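Asker: Please see the structure below; I have some questions.
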Amino acid sequence: MAGIQQRSVRIVMNGVTGRMGYRQHLLRSILAIRNEGGLRLGDGTVVWPEPVLVGRNEAKLAAIAKDHELDHWTTDLDEALAAPDAEIYFDAQVTSRRAESVSKAIAAGLHVYTEKPTAENTEGALELARLAAAAGVKVGVVQDKLFLPGLRKLKRLVDGGFFGRILSVRGEFGYWVFEGDWQEAQRPSWNYRAEDGGGIIVDMFCHWRYVLEEIFAPVRSVQALAATHIPRRVDEQGRPYDATADDAAYGIFELDGGVVAQVNSSWTTRVFRDELVEFQVDGTEGSAVAGLRRCRVQHRSTTPKPVWNPDLAATEDFRAQWQEVPDNEEFDNGFKVQWELFLRHVVSGEEFPWDFLAGARGVQLAELGLRSAREGRRLDVPDLTL
């Protein structure tokens, strides 16, 4: 279109043959931005993302590129990083391969946007932050749950003072992941092998760190119980293997201001709730239940007065006593929204608060959670600095 300046941004996307890398980051974020004609900046410039697909499986990469009419793909990460027009590196690989690849990208002078955990341990995550700071590259970590419609409504309630003094947060996350024998598992087998960076604490405590801190208050202590409820599973090739990582975690987190958060995370639970994740927040003035998309509230003035009587059948429809929080805005895909923020950060210098130090805080909470489970005690969560 005449008068519009287009700014191409070449993005090396590593791990796009995986479920998350393909569905959320390539298909529903980068390709969605392209389908909308690019990302328009305030000065009228249109940012046009040019993905370079990287992975280990040549056949899968070729098929994805063909399906979406993409020209650039390779199994050679070093080659992709060395391209003179490569500008951003994105990583959605398994955790055990992430730090090495991100370090290479930083050394090559690329800006980096990555999934979490950013590394296998806190020191490794901090080292990536130091390398990025020394190189002067821009970095970002995916914090997708902050952009879920249900949690954005919950944040709106907190900011508006709806709860009064917040007392507690109770989170339930999870679903049944099939063992892989009589039905195919919905998650890759490495998730259940500690030696490959698997485990639900490693996977989910990174999320709970930023959810709790961004919506409520900083996390000051953690006490966790980890379990491997299903000790034997079947992998993608039909071979039985021992599950060496935790598939369920039961955590208690103390937040600033005396708020107590309890979060259960499980790949071994059958869902009897409205959404796969729900948080109930109770405060002196009201309560809320927020999920992926919905958020319902009950104010102090409309709270009923239940009386415990186990000898009589329940006569109240407790769910019907809650009020739906309206959308009040249009919610786009959360991964896409954050990609747009990071592209703006790289191209025009707009703020992007979720850097590698934020990623390290998530890794820290996971590491402390695993240690708490091993030692059977509550641990303080110290502040992190570079």
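The values are calculated or read from the model by the stated rules, or taken from the named source; none is laboratory data. Just so it is clear, the structure is predicted and the values come from calculations on it, not from any experiment. All Cβ positions, even for glycine, are placed from backbone atoms using ideal geometry, and neighbour counts span all protein chains on display.
Asker: Scan segment 255-282 for residues that are under 25 Å from Q298 (Cβ atoms) and assigned to a strand (DSSP E or B) and jot them down.
Answerer: L255, V260, A261, Q262, V263, N264, V277, E278, F279, Q280, V281, D282
Asker: Can you find a residue that is in contact with a helix residue (DSSP H, G or I) (Cβ under 8 Å, 6 or more places away or on another chain) and under 24 Å from L370 (Cα atoms) anywhere in segment 97-110?
Answerer: Yes: segment 97-110 contains one or more residues that are in contact with a helix residue (DSSP H, G or I) (Cβ under 8 Å, 6 or more places away or on another chain) and under 24 Å from L370 (Cα atoms).
Asker: Wholly within segment 1-102, which helices (runs of 4 or more DSSP H) include no fewer than the required count, namely at least 2 residues that are of a type in the set (V, I, T) and either at pLDDT below 95 or crowded, with 21+ Cβ neighbours inside 10 Å (or both)?
Answerer: Ranges flagged: none.
Asker: Here's a follow-up. Please go through segment 176-205 and give me each residue that is touching a strand residue (DSSP E or B) at 6+ places or on another chain (Cβ under 9 Å), under 29 Å from Q280 (Cα atoms) and part of a helix (DSSP H, G or I), ordered by number.
Answerer: Listed by number, the residues that qualify are Y192, I200, I201, D203, M204, F205.
Asker: In contact with a helix residue (DSSP H, G or I) (Cβ under 6 Å, 6 or more places away or on another chain), hydroxyl-bearing (S, T, Y), at negative phi and surrounded by fewer than 18 Cβ atoms within 10 Å (Cβ to Cβ) - does that describe any residue in segment 268-287?
Answerer: No, segment 268-287 has no match at all.
Asker: Does any residue of segment 162-169 turn out to be within 30 Å of V259 (Cα to Cα) and loosely packed, with under 14 Cβ neighbours inside 10 Å?
Answerer: Filtering segment 162-169 for residues within 30 Å of V259 (Cα to Cα) gives 162-169.
Remaining after also requiring loosely packed, with under 14 Cβ neighbours inside 10 Å: 164-165.
Among the residues of segment 162-169, at least one is within 30 Å of V259 (Cα to Cα) and loosely packed, with under 14 Cβ neighbours inside 10 Å, which makes the answer yes.
Asker: Looking only at segment 301-316, decide whether some residue is part of a strand (DSSP E or B) and more than 25 Å from G124 (Cα to Cα).
Answerer: There is no residue in segment 301-316 that is part of a strand (DSSP E or B) and more than 25 Å from G124 (Cα to Cα).
Condition check ((1) under 30 Å from R300 (Cβ atoms); (2) of a type in the set (K, R)) across all residues:
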{"residue": "F173", "(1), (2)": "yes, no"}
{"residue": "E179", "(1), (2)": "no, no"}
{"residue": "R187", "(1), (2)": "no, yes"}
{"residue": "R193", "(1), (2)": "no, yes"}
{"residue": "G197", "(1), (2)": "no, no"}
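Asker: A further question follows. Any residue in segment 230-248 that is assigned to a strand (DSSP E or B), among the charged types (D, E, K, R) and under 18 Å from C206 (Cα atoms)?
Answerer: Of all residues in segment 230-248, those assigned to a strand (DSSP E or B) come to 232-234, 240-242, 248.
In the following step, the residues that additionally are among the charged types (D, E, K, R) were identified as 232-233, 242.
The next check asks that each one be under 18 Å from C206 (Cα atoms); those that pass are none.
No, segment 230-248 contains no residue that is assigned to a strand (DSSP E or B), among the charged types (D, E, K, R) and under 18 Å from C206 (Cα atoms).
Asker: For segment 288-336, which residues satisfy the criterion of being surrounded by fewer than 16 Cβ atoms within 10 Å (Cβ to Cβ) and among the β-branched types (V, I, T)?
Answerer: Selection gives T302, T303, V307, T315.
Asker: With the structure loaded, tell me whether E340 is surrounded by 12 or more Cβ atoms within 10 Å (Cβ to Cβ), over 24 Å from I166 (Cβ atoms), out of contact with any Lys or Arg (no Cβ under 9 Å at 6 or more places or on another chain) and not assigned by TED's automatic domain parsing to the domain that holds V177 or whether it fails that test.
Answerer: Values: surrounded by 12 or more Cβ atoms within 10 Å (Cβ to Cβ): yes; over 24 Å from I166 (Cβ atoms): yes; out of contact with any Lys or Arg (no Cβ under 9 Å at 6 or more places or on another chain): yes; not assigned by TED's automatic domain parsing to the domain that holds V177: yes.
Yes.
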